Amino acid sequence: MTQNLQSTTTLHNGVHMPWFGIGVFKVEEGSELVNAVKAAVKHGYRSIDTAAIYANENSVGQAIQEALSENNLSREDLFVTSKVWNADLGYEETRAAYEASLNKLGLDYLDLYLIHWPVQGKYKEAWRALESLYKEGRIKAIGVSNFQIHHLEDLMKDAEIKPMVNQVEFHPQLTQSELLQFCQKNNIQMEAWSPLMQGQLLDHPVLQEIAHKHGKTVAQVILRWDIQQGVVTIPKSTKAHRIVENADIFDFELTREDMDRIQALNANLRVGPDPDNFDF
């Protein structure tokens, strides 16, 4: 089982991806973001997740450069993810979007590049672009985000390379059990965005009871629940003390009963759009 903050899962192409990382959704360019990413790296995080649509790749890139220098790390020590936005889905457009993200981040390659949403009629050409960049050695791993089972099945009908990762909304009120089983069966690593349901679960009595039993916070319990299911997780925070606290989940284990009680909280509730019904 995952032993520490730098423990990794091995993707189906042999690339090692940290189980735990920091997300930067809705954090604007600027010093707050730079300091958050630097605090994460200083305290042992090795995975950083951003996206073109977050409009913060410049600050993430600045933070990466400063963090590498200040912590005596090399680029290879970090696992950096970005995503291609819906407006850029298409073979040439996606390749251009990748170059734009690299340029903003100030990097020579990404560890993981994802199609952000399954826009019907567009994601297959975008996937072909990701495959070409991967085959050229420009990306270490490629994947998708917000894909449901039918999207994955449709993509894999024509794909040369199977997605290595599927990053989806995943938390105790949206457990996506069938999707998780499908991904595990097909050796696609599932990754949770919004694992804390944007803070909406922190007062939940069942989670508070489990947290109290283990002497942990509700956030730590939820993030541990992710990891114990084999789901990579990337909670967002800009506060250094919370960044440290979120990662303090490797010194306890939830029991089977704890896991089942959390699983039973599923209500198929989303804080983000439904991948089958979005209009952007």
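The values are calculated or read from the model by the stated rules, or taken from the named source; none is laboratory data. Quick caveat: nothing in here was measured; it's all calculated off a predicted structure. In this analysis, Cβ positions are derived from the backbone assuming ideal geometry, glycine residues included, and neighbour counts consider all displayed protein chains. Ligands, DNA and RNA are stripped out before the accessible areas are found, and what is left, the full protein with its side chains, is counted by its heavy atoms. Shrake-Rupley method; radii C 1.70, N 1.55, O 1.52, S 1.80 Å.
What would the Debye formula give as log10 I(q)/I(0) at q = 0.07, 0.11, 0.15 Å⁻¹ for the alpha-carbon point model of the chain, no solvent?
Log-scaled intensity ratios, in q order: -0.23, -0.59, -1.14.
Please compute the contact order of the stretch 130-243 in relative form: average sequence separation of alpha-carbon pairs under 8 Å and at least six residues apart, divided by the residue count, as a percent.
Computed over the stretch 130-243, the figure is 21 percent.
What translational diffusion coefficient, in µm²/s and rounded to a whole number, does the Stokes-Einstein relation yield for the stretch 1-71 at 37 °C and a viscosity of 0.692 mPa s, taking the hydrodynamic radius as the Kirkwood radius over Cα pairs?
The estimated diffusion coefficient comes to 256 µm²/s.
Going from the alpha-carbon gyration tensor of the stretch 73-196, what semi-axes, largest first and in whole Å, does one get by taking the root of 5 times each eigenvalue?
Rounded to whole Å, the semi-axes are 23, 18, 13.
Just the ratio, please: alpha-carbon radius of gyration of the stretch 39-140 over 2.2 N^0.38 Å, N its number of residues.
1.09
Is there a quick way to get the dipole size of the stretch 139-280? I mean about its Cα centre, with the Cβ of Lys and Arg at +1 and of Asp and Glu at -1; what is the value in debye to the nearest 20?
360 debye
With an 8 Å cut-off on Cα pairs and a minimum separation of 6 or more residues, tell me the relative contact order of the chain in percent.
19 percent
Taking only the C-alpha atoms, wrap a convex hull around the stretch 162-231 and report its volume per residue in Å³ as a whole number.
Roughly 74 Å³ of hull volume per residue.
When the dipole is taken about the Cα centre of the stretch 136-195, and only Lys, Arg (+1) and Asp, Glu (-1) are charged at their Cβ, what size is it in debye, to the nearest 20?
180 debye
Which listed residue (A219, S177, Q120) has the Cα farthest towards the positive end of the charge dipole for the chain, taking +1 on Lys and Arg C-beta and -1 on Asp and Glu C-beta about the Cα centre?
About the Cα centre, the residue reaching furthest to the positive side is A219.
Run through the stretch 111-206 and list the GluC sites (Glu not before Pro) located in a DSSP loop whose Cβ has at most 13 other Cβ atoms within 10 Å.
Those that pass, being in a loop and sparsely packed, are E136, E160.
By accessible area of protein heavy atoms, probe 1.4 Å, what ranking do R95, R242, R256 get, highest first?
R256, R242, R95
How high is the FRET efficiency from H150 to E257, r the C-beta distance, R0 41 Å, rounded to 0.05?
0.75
Taking the radius of gyration and the Kirkwood hydrodynamic radius from Cα positions alone, what is the Rg/Rh ratio for the stretch 187-280, to two decimal places?
With Rh from the inverse mean 1/r over Cα pairs, Rg/Rh is 0.97.
Calculate, for the chain, the solvent-accessible area per residue in square angstrom, rolling a 1.4 angstrom probe over the heavy atoms of the protein chains.
On a per-residue basis, the chain sits at 42 Å².
What percent does the relative contact order of the stretch 39-118 come to when contacts are Cα pairs within less than 8 Å and at least six residues apart?
Normalised by residue count, the contact order of the stretch 39-118 is 37 percent.
Treating the beta-carbon of each Lys and Arg as +1 and of each Asp and Glu as -1, no other charges, what is the dipole magnitude of the chain about its Cα centre, to the nearest 20 debye?
My answer is approximately 320 debye.
Straight-line reach from K26: which lysines have Cα under 21 Å away, leaving out those fewer than 8 places along the same chain?
Leaving aside lysines fewer than 8 places away in the same chain, those within reach of K26 are K38, K83, K104, K236, K239.
So, in Å, what gap is there between the alpha-carbon centers of the stretch 206-276 and the stretch 130-158?
Result: 28 Å between the Cα centres.
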